[in-house]
Each structure stands twice: as structure tokens, then as C-alpha cells.
Amino acid sequence: FYRCTDEAKSNPEECRGLFILYKDGDVDSPVVRERIWQNSDFNFDNVLSAMMALFTVSTFEGWPALLYKAIDSNGENIGPIYNHRVEISIFFIIYIIIVAFFMMNIFVGFVIVTFQEQGEKEYKNCELDKNQRQCVEYALKARPLRRYIPKNPYQYKFWYVVNSSPFEYMMFVLIMLNTLCLAMQHYEQSKMFNDAMDILNMVFTGVFTVEMVLKVIAFKPKNSEESNRISITFFRLFRVMRLVKLLSRGEGIRTLLWTFIKSFQALPYVALLIAMLFFIYAV
């Protein structure tokens, strides 16, 4: 990966003396520099340097620059040639797929699985299996579902409207239309299109504000479960947060999110282990 600071020179014998460098391509600001035959910071000259270079590739930090240097590399004591060895990119692609995509994830997964197995050892003498223990735990923690129904006849009318299926489907369609409007925005859009998007956004914001007001009237803030619904409705007034409502419509999405959230239970311990390894090697 050796190269001359003057790209016009391709070997150590020619890389001597001084040369003129135009900084940032400005011909009015020439700078005189010394020609130096130097190696890249990351190279494959020895095993340790190669391991450091491959570690940099596995972190995805600055690896394209190293890839281009490897592709342009030539023989010993010969400067780089543009796209001289394109086939060397196959090595980097295979390495990234095997190490970065699989080995790192396998290591983290192995740590999490081992952590979970260690947690199960305390139940090794228990006659119940894991599913049975979870059922018992769920039954002990279960609470009766409470449904708030206002006693005030006027408030009951608002409550009946906001809990009706037509109202929910109407809001669902409006959220989908609002999401479509957000996705239609593009670079260099015309003034007419921009004005139309602004008007539609104000209309949607007004509709969702009316929805929030109706739910505030229908549900008393003292009711914790229903106040959570009001909070979600309030946050949906923000443009991007309106997509949150869509999550409650898909069982698969809810299951995926719940699995993702449950996996965070072991995350602090894994993060602590990784931090300890970084600290040990840093010292």
C-alpha cells in the first residue's frame, strides 16, 4: 500500500525532491511539498497490521477507503494504479459477510443464550418446565380488565362515538392518507405542490386535534388506562408520531416489537461485558 505523496510518481526512485500541490484544486494557491514514499496507516505488511486492518473493516469505519487502496495496489515498491486489482474486492465482501454479519452476531447471540441458561439453572430442581412457570407467573400477576364507561349522559355520547368502529376506521384511513402525503414530498417540488402539502398537513392536524378534544371529553384524565390513550392521541398531533396508531392494527408487528423489547433485558449485561473488554484492551 506504499505510494508517493506526488501521485505522478510511481516508485521510490522517482519519489524524491519537491512538487507543487494545488490545494483544493485552486491554481491561485500553489503549495510546495516534499515528495515522500509512505505506507498506508492500515496495511497487510505483517500479521499484526493485517489484523488491525481487518478489525477496522469489521467495524465498518472507513473500510471503503481501505478497499479502494487494496484495489489500486500494485507490486512491491510500485505505486498504485487505478482499479488494478478489482478482484481483490471479493476478499473484502466475503470477509464482511462471514465476520461482520455472522460472527459478531453469533458471538452476541451466544452471550445472550448463555446468560439465559445461567438464569434457568436456579430452577433446575423445579418440577415445572419454563412454559408452566410462565403460566403460573402470568396468572399471579393478572389483573381484571377494567372498562371505563362514563355515567354522565352527555359524556357517554362522546365516549360512544370515539369507541365506535366507524370512528376508529375513519381515523385509521386519515392516518394512512396523512402518511401518504408525508411520503409524497420530494426534492425540488413546485411551489403549488408545497402549498398543497402545507394545506393538507394543517387539515390533518386540525382533524387530529378534534379527535384529541373528543377523547379528552369522553375519558376522564383520572382514569389511568384511558389517559394513556389520550396521551397517544396527543403525541399523534406530531407528524411522524401519527404512525404509532398503525402499530396497534397488526398482530405480527406487535409480536415483533414485544420480542424486541424483551431482548433488551439482557442488553445491559452484554453492554457491560463489551465495555469491560474495551477497557481491558484500551489499558
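In the set 230, 149, only one residue is buried (at least 16 other Cβ atoms within 10 Å of the Cβ), aliphatic (A, V, I, L, M) and at pLDDT below 85; that residue is 230. Counting the residues of region 41-71 that are modelled with pLDDT of 85 or more, of a type outside the set (A, V, I, L, M) and surrounded by 13 or more Cβ atoms within 10 Å (Cβ to Cβ) gives 2.
Residues in region 162-181 that are in a helix (DSSP H, G or I), out of contact with any helix residue (DSSP H, G or I) (no Cβ under 8 Å at 6 or more places or on another chain) and of a type outside the set (Asp, Glu): 6 in all. For first residues located in region 31-46 and free of Cβ contacts under 8 Å to residues at least 24 places away in the same chain, partners that are in a strand (DSSP E or B) and lie 6+ apart or on another chain with Cβ distances below 9 Å form the pairs 31/20; 31/21; 31/22; 32/18; 32/19; 32/20; 32/21. Selection of first residues in region 49-69 that are under 16 Å from residue 39 (Cβ atoms) and of second residues that are surrounded by 12 or more Cβ atoms within 10 Å (Cβ to Cβ) and of a type in the set (Gly, Ala, Ser), restricted to Cβ pairs under 7 Å at least 6 apart or on distinct chains, gives the following pairs, ordered by first then second residue: 56/62; 66/53; 69/40.
The values are calculated or read from the model by the stated rules, or taken from the named source; none is laboratory data. Bear in mind that the values here come from a model prediction, so they are computed numbers and not experimental data. As a convention, Cβ positions derive from the backbone with ideal geometry for all residues, glycine included, and neighbour counts pool all protein chains shown.
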